[in-house]
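Structure record follows, encoded as structure tokens.
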């Protein structure tokens, strides 16, 4: 089964007042199929539509037309989001809560009991090396530490599908390596991952398949093994061709 | 059903924690306490009616600072959710937008209730020091303030969700709060014998759309009815307030479910 499937997905943002409407096309007829247990890397220049595609797949934005199914279901239905996890680029959390509290809160939204949520939150914080700071206020945290809390939030539930938007953004080299190890660990466990990243080498190392979005169109979708030569050169060649 | 109730309580608890720990809201509470304490001095300006000056000023300040708590709590939490985008992580969990909003409503109401009760306790303590007799109607007056604030939570939430930016939403909420204290005047227009039918109709429509805060004002009874509570009136006001807040919440839920994040 496809973990993610889109059919003729279109998104046009409309802004301004009714007398001066502005339209900007974000996605054009995107047909995408990501198989279960696959790690898919989504590449593209800034403004290519990567975040919009991810937001539609997460149910944060509605498509203008077309269909998007996640784990075979319409993700806009809350109950269908039970087995997905999402890490945004630069995650931000309520400043006056602690990592333990915010993770316990997310656990409860995943329908875990209070005690189970607390246990999983502690385990996740241990995994990302933040257990000692579990009860510090999040406003005291650096960008990299917030990213680690975000990573911990991925590990709370036994999710099947992970959406990772620039997961190593703001991390120091050691933490970035740990993040890559976590992704590889998820891959080994047979999880499906949609990875949105500008770090082409990271995508090369972690992904089974890549897709390149350019001006809202999916211009390339192929297995990483079929990329000839250097991945970075391949990406630049593909985008410059258009 | 049980899972939804647990999520609702989790969102409410989380919102409450966020609000009570926020430095700005703590400073506001301290400032409110200082101002209410100041009403102890204001009574000196009303010789012969010191008791009434103390209680009236105290209750008016409690409502005003309660409303500021509503607006600031919603602005701060909404800013973090929408502008800093922490809502993206929350709403990708199995929780519906309507349920999230309902939980937030409960959390803000709880914050406002506790802050208001603290201010009222301070006022009672001041009344005790001043040897002012406070009768049972004080409870009705306090409930009236809470109802005003719950209604305010409802429409402030609606404006913040429906408007394109939080500042516009806040501005609308403040205007609505001010107009809500004048709505009673529309009744005079509606019942005026020389008023044109079209004007009467328009006034009636506005009367039902705008909140009527006069319905929650039981402060006069503190001095008129010798301490008795007019229960039917209190019940009617509670039903009106809760229904108004619920309708605001339902419309806000609809707008939020369509909102692109």
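The values are calculated or read from the model by the stated rules, or taken from the named source; none is laboratory data. Not measured: the values here are computed from a predicted model. We place every Cβ from the backbone using ideal geometry, glycine too, and count neighbours over all the protein chains shown.
Below is a table of values for the structure above.
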item: Neighbours by Cβ (under 8 Å, 6+ apart or cross-chain): first from the range A:145-172, within 17 Å of residue A:110 (Cα to Cα) and more than 12 Å from chain B (Cβ to nearest Cβ); second at pLDDT 90 or above and part of a loop (DSSP other than H, G, I, E, B); result: A:158/A:83; A:160/A:36; A:160/A:71; A:160/A:83; A:160/A:191
item: Any hit, the range B:64-84, residues being over 29 Å from residue A:159 (Cβ atoms), facing chain A (nearest Cβ under 9 Å) and in a helix (DSSP H, G or I); result: no
item: Residue A:152 vs. criteria crowded, with 23+ Cβ neighbours inside 10 Å and modelled with pLDDT of 95 or more; result: no
item: Residue within the range A:194-213 that is part of a strand (DSSP E or B), in contact with a helix residue (DSSP H, G or I) (Cβ under 6 Å, 6 or more places away or on another chain), closer than 30 Å to residue A:112 by Cα and in contact (Cβ under 8 Å) with a residue 60 or more places away in the chain present; result: yes
item: Residue among A:238, A:220 that is surrounded by 12 or more Cβ atoms within 10 Å (Cβ to Cβ) and in a helix (DSSP H, G or I); result: A:238
item: Some residue of the range B:90-104 being closer than 23 Å to residue B:25 by Cβ and at pLDDT below 95; result: yes
item: All positions within the range A:86-124 that are in a loop (DSSP other than H, G, I, E, B) and within 9 Å of chain B (Cβ to nearest Cβ); result: A:88, A:90, A:91, A:92, A:93, A:94, A:95, A:96, A:97, A:110, A:111, A:113
item: Pairs, first within 15 Å of residue A:62 (Cα to Cα) in the range A:1-29, second at pLDDT below 85, C-beta under 6 Å, six or more apart; result: A:14/A:21
item: Single condition residue A:162 does not satisfy, out of (1) over 23 Å from residue A:70 (Cβ atoms); (2) buried (at least 17 other Cβ atoms within 10 Å of the Cβ); (3) at pLDDT 90 or above; result: (1)
item: Complete set of residues in the range A:37-68 that are away from every other protein chain (no Cβ under 14 Å) and surrounded by fewer than 18 Cβ atoms within 10 Å (Cβ to Cβ); result: A:37, A:45, A:46, A:47, A:65, A:66, A:67
item: In the range B:2-14, residue farthest from residue B:108 (Cα to Cα) [restricted to those that are within 9 Å of another protein chain (Cβ to nearest Cβ) and crowded, with 20+ Cβ neighbours inside 10 Å]; result: B:7
item: Residue list for the range B:85-110, filter: away from chain A (no Cβ under 14 Å) and surrounded by fewer than 23 Cβ atoms within 10 Å (Cβ to Cβ); result: B:106, B:109, B:110
item: Filter result for residue A:187 (in a helix (DSSP H, G or I), farther than 17 Å from residue A:123 by Cα and touching a strand residue (DSSP E or B) at 6+ places or on another chain (Cβ under 6 Å)); result: yes
